[in-house]
1. Full-extension gain between VAL222 and SER68, please, as 0.36 nm times their residue separation minus the C-alpha to C-alpha distance.
2. Return the distance in nm (one decimal) between the two label points of a simple spin-label model at LEU123 and SER32, each offset 7 Å from Cα along Cα→Cβ.
3. Ordered by packing density, taken as the mean number of other Cβ atoms within 10 Å over each peptide's residues, highest first, how do 106-117, 70-81, 88-99, 204-215 rank?
4. Spelling out what I want: for every residue of region 90-102, take phi, set θ = phi - 60°, compute 6.51 cos²θ - 1.76 cosθ + 1.60 (Karplus), and round to whole Hz; glycine and proline get x.
5. Return CYS143, CYS185, CYS153 ranked ascending by Cβ neighbour count within 10 Å, so the fewest neighbours appear first.
6. Can you give the charge dipole size of region 53-203 about its Cα centre, rounded to the nearest 20 debye, using +1 on the beta carbon of Lys and Arg and -1 on the beta carbon of Asp and Glu?
7. Expected output is a single nm value to one decimal: the length gained when fully extending between GLU166 and GLN136, i.e. 0.36 nm times separation in residues minus the C-alpha distance. What is it?
8. So between SER229 and ASN78, what do we pick up on full extension, going 0.36 nm a residue minus the alpha carbon distance?
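Just so it is clear, none of the values below were taken in a lab; they were calculated from the coordinates. It should be emphasised that the depicted structure is a prediction, and the values quoted were computed from it without experimental measurement. Neighbour counts are summed over all protein chains in view; Cβ atoms, including those assigned to glycine, are modelled from backbone coordinates with ideal geometry.
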Amino acid sequence: MVTFADIRGGVQRNKHPSAPASLSTSDNIVSSTTLIRQRLVLLLAAFALFNDLLQITMILPILPTLISSPPPLGVESNAEIAMGIFFTSKDILQLSTAPLAGMLTARTSAAAALLLSTVALGLATFVFADATTFGQLLFARSCQGAASAATLCGGLSLMSEKCPAEVRGAAMGIANTGLALGLLCGPLVGGLLFDRFGRKKSFRIAAAMVLANAVGQVGLLVLFPSLASPAKKDGAGNQSPKKDCDNHLEVSLQTATCGMSRLPLLLSMVL
């Protein structure tokens, strides 16, 4: 059985009593390569999920200043309604695009879906830096919601595919830790950057972090081209295509639920 310590340490131990005492050189190379790939997948996926929540929440301390700015960037009246619409737009887009993101991930590649969503998130963050109207801010926020749905589907599906069942729970725990850290650090990072550098530089720095993660994902695909292909299915214990598709849809439904859980609070700002 492979433990989570094997992924962190890069050493695979054979626990089966009838197995040989040592692996052949070729087996050791294959095993080491697999473990390195698993660690890189976990690292980049967790960082992508961290960036996702960081970009979404760093706007919280900045938005009141933007809303109170002179038009067309700000609004002259009904600032509370404008703020509620702004926050709700992200969750509505995440809710509506999550099933589509899950189906596309199942039919293409989790790694490709994660890469495309990371690039989209970075571009949406750049729009925040250079937006000149409230409509552009709203558009960028909506794009963040769609990208967030694809990021969650792609990241969680990629770890589900590439991490063994014995360590999958621990890997998901690390991924969710990335989400929690992004949620925790977002407002603090946003406030500090905005106070020090202003809106444009703050969002450009944040976008650069996201695109750096995208570059790392490209490097991972270059090192391991098989990640760009859908998971292989066979009769030796692997999931059937229908079961694999169902798993991706389950992830997408969880992603949609994340958006739904915040709608009552956000709608209360409008009502």
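1. 50.8 nm
2. Inter-label distance under the simple model: 4.0 nm.
3. In descending order of packing, they fall as 106-117, 88-99, 204-215, 70-81.
4. 3J(HN,Hα) across region 90-102, in whole Hz: 5, 6, 5, 5, 5, 5, 7, 9, 4, x, 5, 4, x.
5. So the ranking, lowest neighbour count to highest, is CYS185, CYS143, CYS153.
6. 260
7. 6.2 nm is the gain from fully extending GLU166 to GLN136.
8. Stretched out fully, the SER229 to ASN78 stretch lengthens by 49.5 nm.
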